[in-house]
Amino acid sequence: MSKKNQTLGEYIIEHQSSFKYSSGELSRLINSIRLAAKVVNHEVNKAGLVDIIGAIGDTNIQGEDQQKLDVYANDKFIQTLTNRNIICGIASEEEDDFISINSQDKNNQNKYVVLIDPLDGSSNIDVNVSVGTIFSIYRRVTPIGTPVTIDDFLQKGSEQVAAGYVVYGTSTMLVYTTGDGVNGFTLNPAIGTFYLSHPNLKFPKDGKIYSVNEGNYIHFPQGIKDYIKYCQMEQDDRPYTSRYIGSLVSDFHRNMIKGGIYLYPKSSKNNNGKLRLLYECNPMAFLAEQADGRATDGINRILDIIPTELHQRVPFVCGSKNMVDKVEEFMLNQN
Ligand code: AHG
Ligand code: MN
Ligand code: MN
């Protein structure tokens, strides 16, 4: 039973025994993510004061400009998880390849791998708009004590053991699931403690908010164009409200609380959309389903997609169940 005002630390201890195959390892891992989140939060909050905003002058493997905070958050999460020796591998949106952590050492009994988008919504850093971190956790599929391989990372989203995000917003929250519902914890910055503020988060079945970058409208598939027109139509409880922050974490968080849908469809410019299956779509899809919502690429359930590469992109539609159902209906009937 989750209790209000419980701290995240207390919550993790209380729920440790309810994890499948529990040995305390996953609890320690979530604790380390909590720590890294606090460190990154500290830096994000003083971003306007110190020389940490702006581009670093480099690009990541996907050809995107890296921001200083992207690199900072990436380094902090990797360092925190590596130093504590609790995982055997990590893959990050900001790294070319996965990183093996002492996994060839026979004494290393660690069985989890982590995939992260260390800083989501980087285009919002310089303008004081909410950004986030997304994480996804799997059990390795190769034997413990041998080097991790790409197979440990290219698992279907339905195999996730845990997933979550941190939103660095008007307040900082850590929201996560271990497959038993979704809980949100808010940081009290004065004492550096996360408290359970949003127990058992659920997407309302219906919503009135749609979030999509409509600048790409003319490039969208016909089914998505039709759905957007449907949202704008004067009928029943429509038109819906359009809200697009440009940070997936923040758009998702708002839609989960208020009811809504987020779309990053494929377009004639990007056949697979923009968002990354392993670092963004799978963890958000796991959270969505755990909160009674849905996530699809327009046709297939996101969590059923078999990944073929680390930085793979997929079209992404996620949110309140009835709204996602409607998009699939339009996609199916598009001409
Ligand atoms: P990231 O900052 O990790 O690269 O992710 C940005 C993503 C997502 O958070 C956001 O919703 C989307 O890209 C915005 O893309 P557009 O600017 O193309 O709308
Ligand atoms: Mn992102
Ligand atoms: Mn990112």
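The values are calculated or read from the model by the stated rules, or taken from the named source; none is laboratory data. Not measured: the values here are computed from a predicted model. As a convention, Cβ positions derive from the backbone with ideal geometry for all residues, glycine included, and neighbour counts pool all protein chains shown.
Observations on the model:
- For the residues ASP97, ASP117, the requirement of being assigned by TED's automatic domain parsing to the domain that holds PRO147, charged (D, E, K, R) and either in contact with a Cys (Cβ under 9 Å, 6 or more places away or on another chain) or surrounded by fewer than 19 Cβ atoms within 10 Å (Cβ to Cβ) (or both) singles out ASP97.
- In segment 140-156 there is at least one residue that is touching a Cys at 6+ places or on another chain (Cβ under 7 Å) and among the basic types (Lys, Arg).
- VAL327 surrounded by 24 or more Cβ atoms within 10 Å (Cβ to Cβ), away from ligand 2 (no atom under 16 Å from the Cβ) and not assigned by TED's automatic domain parsing to the domain that holds ALA91: yes
- The single condition from (1) in contact (Cβ under 8 Å) with a residue 60 or more places away in the chain; (2) assigned to a loop (DSSP other than H, G, I, E, B) that ASN255 fails is (2).
- Considering residues of segment 229-268 that are in contact with a helix residue (DSSP H, G or I) (Cβ under 7 Å, 6 or more places away or on another chain) and among the basic types (Lys, Arg) only, the residue farthest from THR296 (Cα to Cα): ARG238
- Look at segment 147-159: where a residue is closer than 16 Å to GLN312 by Cβ and a partner is surrounded by fewer than 19 Cβ atoms within 10 Å (Cβ to Cβ) and among the polar types (S, T, N, Q), sitting 6+ places away or on another chain with Cβ atoms under 8 Å, you get ASP151/THR142; ASP152/THR142; LEU154/THR308.
- Residues that are within 21 Å of LEU119 (Cβ to Cβ) and out of contact with any Ser or Thr (no Cβ under 6 Å at 6 or more places or on another chain) were ranked within segment 254-269; the one that is nearest to ligand 3 (Cβ to nearest atom) is TYR264.
- Members of segment 303-324 that are touching a Pro at 6+ places or on another chain (Cβ under 7 Å) and polar (S, T, N, Q): SER320
- Selection within segment 81-106 - away from ligand 1 (no atom under 16 Å from the Cβ) and of a type in the set (Gly, Ala, Ser): GLY89, SER100, SER103
- Scan of segment 224-253 for residues that are among the acidic types (Asp, Glu) and away from ligand 3 (no atom under 16 Å from the Cβ), ordered by number: ASP226, GLU234, ASP236, ASP237
- For segment 122-139, the tally of residues that are surrounded by 21 or more Cβ atoms within 10 Å (Cβ to Cβ) and either at pLDDT below 95 or within 13 Å of ligand 1 (Cβ to nearest atom) (or both) stands at 8.
- Some residue of segment 265-280 being of a type outside the set (A, V, I, L, M), assigned to a helix (DSSP H, G or I) and within 16 Å of ligand 2 (Cβ to nearest atom): yes
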